[in-house]
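Presented below is the structure to which this report refers.
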Amino acid sequence: MSATRMPFSIFARRLPFALLAAGLLLCALASCATVPQRSPSEWLGALPEDATLYASFAVAGSTDLVKKALKDAGPGSQDIATLVDMTKRLVCSVTIEKGKPAQFSVLAQGGYPAGIISGRLAGNKDWRQATGPSGRYFEWQKVGIQVSVPNGSLLLASNGAIDSLLGRWGAPIPLTIPPDVAQDMKTADLVLYMPELPGNLAESAAQKGMRVPIQEVWMDAVKGKGGYDISGTANTGSEQEAKLLTLVLRLGIVAWMKSENVQNTAEILKSIKLSPSGVQVKLTGLHFSQDQIIPMFLSLVKNLSPAPPPPAAAPEAE
């Protein structure tokens, strides 16, 4: 038999496999073509534009950390935990309004076989399938978490705003953020960004006779040996405000550590460097272990949430 010719019978048997391989390749190429390559900061444009907090998190290398945070969330969380292995990066937002529960929205990037995911969720009685104006999604009825896989490379999740995500992921609306934040989101493992100081913190400071001159603030976490190295930046309106904010933050960090019962506070404070730099205030030298980073994030969201109104006073008897 010639080395360059193949008997027709063998060719005929291999043809279906060749067509299947070609089909899979075309599907993969088509899938890639429908999802533009965007930076994390560009994907933020698919999230609500008036959020209190935005975050970008590189999941690769931190899957155990994410699964640990989901461990105690309930039986339905196991379905979410299985998606973590498929995820490379998350961008998300948290919106906090007075008198309302916190609302979150998530856009996850990775590899999501829609058929497998849909089959798994459809087979779980805790999840139901629904259709909104912008597309189909699944909802974990017990806690109101909504999940959709509009494309094999993207997964969307929210606790009430899934239709908005479905309507915006294809053409995100540019979100104006400082260039430093956009760059940090490309390199850091975790970035938390607040466009402005939440009203709850501003009100709390005002009640104590202080004005916190923060225009916007962000924190970066870079994974290192035994945990995460934290740095932060806050923008103000002037050098004088930056110096004032430095003093306020020093007191605030100590108060926060005491409220969270952080161990070895004195040692931690020795390593922290907090100083003004022009109209900015820079924080470096803060370190959190892997067990501390998720509670730190949850504590931050809790502290941003408006305090419940005091109970109404009972009417005085006539």
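Brief remarks follow.
- Across segment 171-185, computed HN-Hα scalar couplings (Karplus, 6.51 cos²θ - 1.76 cosθ + 1.60, θ = phi - 60°) run 9, x, 7, x, 9, 6, 9, x, x, 4, 5, 4, 5, 4, 5 Hz from first to last residue, x flagging Gly and Pro.
- Working from Cα pairs under 8 Å separated by at least six residues, relative contact order for segment 232-288 is 51 percent.
- Note on Ser39 and Ser271: their simple-model spin labels are 3.0 nm apart, each label 7 Å out from Cα toward Cβ.
- With 0.36 nm allotted per residue and the present C-alpha distance subtracted, the Thr176-Asn264 stretch has 27.8 nm of extension available.
- Cβ crowding within 10 Å averaged over residues, with 115-125, 231-241 ranked highest first: 231-241, 115-125
- Couplings 3J(HN,Hα) for segment 50-57, derived from phi with the Karplus relation 6.51 cos²θ - 1.76 cosθ + 1.60 (θ = phi - 60°), are 10, 5, 6, 9, 10, 9, 10, 9 Hz, where x marks Gly and Pro.
- Mean projected area in nm² (Cα convex hull; one quarter of hull surface) for segment 131-290: 12.9
- Working note: Karplus 6.51/-1.76/1.60 with θ = phi - 60° gives segment 159-167 the couplings 10, x, 10, 5, 5, 5, 5, 5, x Hz, where Gly and Pro are set to x.
- You can think of it this way: the chain between Arg136 and Leu251 has 36.5 nm of extra reach, that is 0.36 nm per residue less the Cα-Cα gap.
- Peptides 263-269, 91-97 ranked from most to least packed, by the mean per-residue count of other Cβ atoms within 10 Å: 91-97, 263-269.
Read-outs throughout are calculated quantities, based only on the coordinates presented, and are distinct from any laboratory measurement. Predicted model only: the values in this text are computed from it and were never measured. Don't worry about glycine lacking a Cβ; one is built from the backbone with ideal geometry, like all the others, and counts go over all protein chains shown.
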